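Each remark here refers to the structure printed beneath this line.
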Amino acid sequence: MAAKSQIIIVDTSGDRFPPGSIVVHSIMAAIHYAAEGDVIHLFPGIYRENVTLTKSLTIIGKGDRSEIMIEGFGTSAAAC
C-alpha cells in the first residue's frame, strides 16, 4: 500500500494554520522536506529564492496569482 501524500504549506507569515500543520517559509524548504507525490500549497507572498524541482510534486497556488511572486536571483519576478 502506497504511503499517503502529505500537504506542506509555504507561507511567509506561517501564523494562520492549525497546530500540527507542516508550515515552512520557503519553497525550497518545502521541496527539501517533501517526499515524492506530496502536495505543496503556496500562499500569497514574495519568495526570494531560486526554485529547482528535484522530485515529482504537486504545487498549488492558494490565492490570487498576482499575490504569489517568486523572485529568483538574477531573473525577473514571475507570478505563479
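The values are calculated or read from the model by the stated rules, or taken from the named source; none is laboratory data. Fair warning: this is a prediction, and the values are worked out from it, not measured in the lab. Glycine also receives a Cβ, built like all others from the backbone with ideal geometry; neighbour counts cover every protein chain displayed. Side chains are part of the model used for accessible areas, which takes the heavy atoms of the whole protein and leaves out ligands, DNA and RNA. Shrake-Rupley method; radii C 1.70, N 1.55, O 1.52, S 1.80 Å.
Looking at Ser56, is it assigned to a loop (DSSP other than H, G, I, E, B), out of contact with any Cys (no Cβ under 7 Å at 6 or more places or on another chain), among the hydroxyl-bearing types (Ser, Thr, Tyr) and open to solvent by 30 Å² or more (accessible area, probe 1.4 Å)?
yes
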Check: What are the residues in the stretch 21-40 that are under 18 Å from Glu71 (Cα atoms) and open to solvent by 30 Å² or more (accessible area, probe 1.4 Å), if any?
Finding: His25, Ser26, Met28, Ala29
